[in-house]
Amino acid sequence: MLHRIDRHPAGREAPRSADHADDAYHTVEFDDHYVVQPNDVWWDRKEYLQTTGGKPVAEGFQYSSDANPVWMTREQLTALLEREAIEL
């Protein structure tokens, strides 16, 4: 699951994808999610991999939310927002 929060009109969601070459290069895979790392000079990609245990994805990796087999329920999303103190 690729965690991103976007605002869309009620009932409509545009598919999200990580298919740009830069996104693939900066994407890290974990057991149950992916993280797209910042593309900035201050970010240490190698250190992040070493400290988190994440693995780089294969070259040409693509992720698209409309092909994702795992979906959160309303209750799971509510719990995530409360746990992470995310304000909308």
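The values are calculated or read from the model by the stated rules, or taken from the named source; none is laboratory data. Only a predicted model underlies this, so the values are computations on that prediction, with no experimental measurement involved. Cβ atoms come from the backbone with ideal geometry, glycine included; neighbour counts cover every protein chain shown.
Considering (1) in contact with a Phe, Trp or Tyr (Cβ under 9 Å, 6 or more places away or on another chain); (2) at pLDDT below 90; (3) surrounded by 13 or more Cβ atoms within 10 Å (Cβ to Cβ), the lone condition that residue 80 does not fulfil carries the number (1).
Kindly indicate which of 60, 54 is touching a strand residue (DSSP E or B) at 6+ places or on another chain (Cβ under 7 Å) and modelled with pLDDT of 80 or more.
Exactly one of 60, 54 is touching a strand residue (DSSP E or B) at 6+ places or on another chain (Cβ under 7 Å) and modelled with pLDDT of 80 or more, namely 54.
Within the stretch 42-88, count every residue that is in a helix (DSSP H, G or I) and among the aliphatic types (A, V, I, L, M). The qualifying residues number 6.
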